[in-house]
Amino acid sequence: MIKHLLSMDQLSADQITHVLDTAEQLRSVTDRPIKKLPTLRGRTVCNLFYEASTRTRISFELAAKRLSADVINFSADSKSSVAKGESFKDTAWTLEAMGVDAIIVRHGSSGAPHQLARWVKASVLNAGDGSHEHPTQALLDLFSIRQHFKDFEALKVAIVGDILHSRVARSNVKGLVTMGADVTLVGPPTLIPAQATRWGATISHDLDSVIGDADICYLLRVQKERQNEQLFPSLREYAALWGLDSRRQARMKPDSLVMHPGPMNRGVEISADVSESPRSIILDQVANGLAVRMSLLYLMLGGDRPDSTETVRELTEQLV
Amino acid sequence: MSAWLIKGARVVDPASGRDETADVRIADGSITGIGSDLGDGKAEVIDADGAIVAPGFVDLHTHLREPGREDEETIATASAGAAAGGYTAICAMPNTDPVCDTSSVAEKVWALGRETGLVDVRVAGALSRGLDGAVMADIGEMVRSAARVTMFTDDGHGVQDSLFARRTMEYLVAFDAIYAEHCEDAALAADGQMHEGDRSAALGLRGIPAEAEELMAARDIALARLTGCRLHLLHVSCARTVELVRRAKAEGARITTEAAPHHFTLTDAALETYDPLMKVNPPLRASEDVDAVTRGLADGTIDAIATDHAPHAVEEKDQEFSYAPPGMLGLETALALSFTQLVEPGHLDLSRLVELLSTNPARILGLDEQGSLEIGSAANVVVIDPSARWTVDASSLQSKSRNTPFNGRELTGRVVHTFFRGRPTVQDGKALNEATV
């Protein structure tokens, strides 16, 4: 397994499948009365979050704890830390000096996990960097899709919204394209980089022409401040043209799904009734995040230990 | 000893059309002879067989950081780096703290350069007070000062207000001084981290479109036509800017341009590791831009190679990519990069290279004692070994800063000797500092 997870570029289709299969096995831990495995006992994982995050940080923390790792949480606002606190590099070296085995990093600056990986010996997991990538989100989304569709080949996925600023979109496009899905990016041209066609996706500016064909409609959060940057005229117009409401959802195929990485802006990219409809798997995504992150920590931190074969066997036995 | 005889080198001086094997004699600060088999007299003989002798280089674009950021560079350390790079004159950019917008700052920088005595330190004045782009700096007083400023720029920023650009151009005509522009439409480039293109989209870094440069270059060419002002475009980085300049020159415009070594050496592919050392403004562009800049240097569209030498402290570059300041060192690698990227692959010949590094920039700044090898004139001379292979080592640079993106890169072409006003500032590849000169 890879040492650092910085980008979905690093993972082949086989590696992605391996992560998802392992997550599948680990998911049953959640259903047991004692929800803990000894795999990472004695290992230390640090959540280094320079941006506010609830679900990702808690999900990683819980994943590490379920594998018996010690967890440290370090949160700093990236702006205030630059203004007066310790530099990113000094923080990295401090964690290194304390013997941390893995650093899970969320940062507002694209590429921060790449820099961190150059500075420390610990494994680095990208938990979202600027407008670049959010690979664990893509993996949990692939996991969630696989629960409903056996095969990614020929699966039609529409990713709708602010692609330009979205790390979720970049990681998901890479993961979906690697797995053979057919991805269409939908939104106003101001929110989709023209170069996105090079990512193996097609671009559309008309949700209505795409929605009837899609197996999955994946909605991205639209930041309210984008309206002030003149990227679209108003949230009302955005909702009317690119939002998913029940009227549009009614045109979707019978087995199609609605997804969203959260947090949602109900009434903008998604209406409240759609988010709570039977086709919405938004809460499954959250639940699956835990299993996928356990899988990654297990494979990246546990897999390369000298006794790893035994650990895997132990684990499987416990799961039987 | 104050006399040297450089024997048997290829002497390249485009100003006089000279390109031949000859001896060059330097005595008492001046060139006293160029010819075959000159006697050594009492001169120290430098065997320069296989070497090239050229007029010392002139850098149009150097950030000295003094006054204000002496922790990053001083006039003395920049001068030493310049000498090591074969330069005998550099032009200090005005974006210091305080800004060089008055004759007192201009004279101070110029005087500190003279005191250091390793290169001619010329000064570019600011166009606007505090680089605010709105209120004219003391242009005439800087022209008339001891620093004799001939070039004005708000480098670091483009002048956004077209009326202000027009007015300053009109005013500069009184002194036949140069309006030098950092071509960048600030609104289009806002918060940009790198060149806008496939790579910025993939890396999730906000792009600076080539059009931000092209638009301001087009405006300035039009305003220079309107006002009759001499226009110099700083660090041209995009194919379309090169094309605009080519057309303007064909129409007879009074326009000159420069390009930086990193813009004909590196592309935006270098950003893929998010290394802040690769962050520079204008940003590293696409490969078609690199090709266009290279062609422009070869065919005369671009007049000069200028370093945009921009020292930064380690802790400033060792930040997250989006927080790190743009800029890279240039003085000590410019010749070797030019040689390796332009001459070795055959894009241009040695004589053109000397024009770009010395003859033309000296003419642009109006420096009589630079940019040529004339008998009787001040001996500002560089001796180059064109076959020397060497590896850039950031830790051994004369500069006070270390932010070169070329650390560890193997290059061809090395400065062996530099003479400034007849005194060696570099000997046998070793920089001589103030104390030893």
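The values are calculated or read from the model by the stated rules, or taken from the named source; none is laboratory data. Source: prediction; values computed, not measured. Reconstructed Cβ throughout: ideal geometry from the backbone, glycine too, with neighbour counts over all protein chains shown.
Here are the numbers for this structure:
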| item | result |
| --- | --- |
| Identity of the residue in the stretch B:234-279, assigned to a loop (DSSP other than H, G, I, E, B), more than 21 Å from the chain's Cα centre (by Cα) and within 14 Å of another protein chain (Cβ to nearest Cβ), that ends up farthest from B:LEU335 (Cα to Cα) | B:TYR274 |
| Residue count for the stretch B:189-221, restricted to those that are more than 25 Å from the chain's Cα centre (by Cα) and outside any loop (DSSP other than H, G, I, E, B) | 7 |
| Helices (runs of 4 or more DSSP H) completely within the stretch B:286-343 that count 2 or more residues being touching a residue at least 40 places away in the same chain (Cβ under 8 Å) and more than 17 Å from the chain's Cα centre (by Cα) | B:287-299, B:314-317 |
| Some residue of the stretch A:179-194 being closer than 19 Å to A:GLN137 by Cβ and small (Gly, Ala, Ser) | yes |
| Output for the stretch B:397-432, where each listed residue is in a strand (DSSP E or B) and among the charged types (D, E, K, R) | B:GLU410, B:ARG414, B:ARG423, B:LYS430 |
| Condition check for A:GLU269: in contact with a Phe, Trp or Tyr (Cβ under 8 Å, 6 or more places away or on another chain) and either at pLDDT below 95 or acidic (Asp, Glu) (or both) | yes |
| Answer from B:ALA210, B:ALA137 - the residue that is within 14 Å of chain A (Cβ to nearest Cβ) and in contact (Cβ under 8 Å) with a residue 24 or more places away in the chain | B:ALA210 |
| Residue identified as in contact with a strand residue (DSSP E or B) (Cβ under 8 Å, 6 or more places away or on another chain) and of a type in the set (Ser, Thr, Tyr) among B:SER387, B:SER401, B:SER396 | B:SER387 |
| Flag for B:VAL58 being in the same structural domain as B:ALA92 (by TED's automatic domain parsing) and under 26 Å from the mean Cα position of the chain (by Cα) | yes |
| Helices (runs of 4 or more DSSP H) contained in the stretch A:107-209 and holding at least 3 residues crowded, with 24+ Cβ neighbours inside 10 Å, in contact with a strand residue (DSSP E or B) (Cβ under 9 Å, 6 or more places away or on another chain) and within 13 Å of another protein chain (Cβ to nearest Cβ) | A:112-119, A:167-178 |
| Long-range neighbours under 6 Å by Cβ, at least six apart or interchain, first residue of a type in the set (Gly, Ala, Ser) within the stretch B:32-47, second assigned to a strand (DSSP E or B) | B:GLY33/B:ARG25; B:GLY35/B:ALA22; B:SER36/B:ALA22; B:ALA43/B:ALA3; B:ALA43/B:TRP4; B:ALA43/B:LEU5 |
| Cross-chain or 6+ apart pairs with Cβ under 7 Å, the stretch A:277-291 first and under 17 Å from A:ARG248 (Cβ atoms), then assigned to a loop (DSSP other than H, G, I, E, B) and among the small types (Gly, Ala, Ser) | A:ARG279/A:SER256; A:ILE282/A:GLY262 |
| Failed criterion for B:THR307 (all others in (1) away from every other protein chain (no Cβ under 14 Å); (2) surrounded by fewer than 24 Cβ atoms within 10 Å (Cβ to Cβ) hold) | (2) |
| Neighbours by Cβ (under 9 Å, 6+ apart or cross-chain): first from the stretch A:199-218, free of Cβ contacts under 8 Å to residues at least 60 places away in the same chain; second aromatic (Phe, Trp, Tyr) | A:HIS205/A:TRP242; A:LEU207/A:TRP242 |
| Residue satisfying condition, being modelled with pLDDT of 95 or more, surrounded by 24 or more Cβ atoms within 10 Å (Cβ to Cβ) and more than 14 Å from chain A (Cβ to nearest Cβ), within set B:GLY330, B:GLY300 | B:GLY330 |
| Single residue of A:GLU61, A:GLU86 found to be assigned to a loop (DSSP other than H, G, I, E, B) and either surrounded by fewer than 17 Cβ atoms within 10 Å (Cβ to Cβ) or in contact with a strand residue (DSSP E or B) (Cβ under 7 Å, 6 or more places away or on another chain) (or both) | A:GLU86 |
| Residue match in the stretch B:194-206 (condition: more than 14 Å from chain A (Cβ to nearest Cβ), in contact (Cβ under 8 Å) with a residue 12 or more places away in the chain, hydrophobic (A, V, I, L, M, F, W, C) and under 26 Å from B:GLY296 (Cα atoms)) | no |
| Selected residue (only one of B:LEU411, B:LEU365, B:LEU373 is at pLDDT 95 or above, in contact with a helix residue (DSSP H, G or I) (Cβ under 7 Å, 6 or more places away or on another chain) and not small (Gly, Ala, Ser)) | B:LEU411 |
| Qualifying positions in the stretch A:221-256 - surrounded by 19 or more Cβ atoms within 10 Å (Cβ to Cβ) and either part of a strand (DSSP E or B) or over 27 Å from the mean Cα position of the chain (by Cα) (or both) | A:LEU244 |
| Residue check, B:GLY156 more than 14 Å from chain A (Cβ to nearest Cβ), surrounded by fewer than 22 Cβ atoms within 10 Å (Cβ to Cβ) and within 30 Å of A:LEU231 (Cβ to Cβ) | yes |
| Test result for B:ILE221, touching a residue at least 40 places away in the same chain (Cβ under 8 Å) and either surrounded by fewer than 21 Cβ atoms within 10 Å (Cβ to Cβ) or among the hydrophobic types (A, V, I, L, M, F, W, C) (or both) | no |
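Results for (1) more than 27 Å from B:ARG423 (Cβ to Cβ); (2) out of contact with any strand residue (DSSP E or B) (no Cβ under 6 Å at 6 or more places or on another chain), shown as yes or no for each residue.
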residue: B:ALA84; (1), (2): no, no
residue: B:ASP97; (1), (2): yes, yes
residue: B:SER103; (1), (2): yes, yes
residue: B:ALA106; (1), (2): no, no
residue: B:GLY113; (1), (2): no, no
residue: B:LEU118; (1), (2): no, no
residue: B:LEU127; (1), (2): yes, no
residue: B:VAL149; (1), (2): no, no
residue: B:PHE152; (1), (2): yes, no
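Residue-wise test of (1) in a helix (DSSP H, G or I); (2) within 14 Å of another protein chain (Cβ to nearest Cβ).
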position	(1), (2)
A:LYS3	no, no
A:GLN15	yes, no
A:LEU48	no, yes
A:SER53	no, no
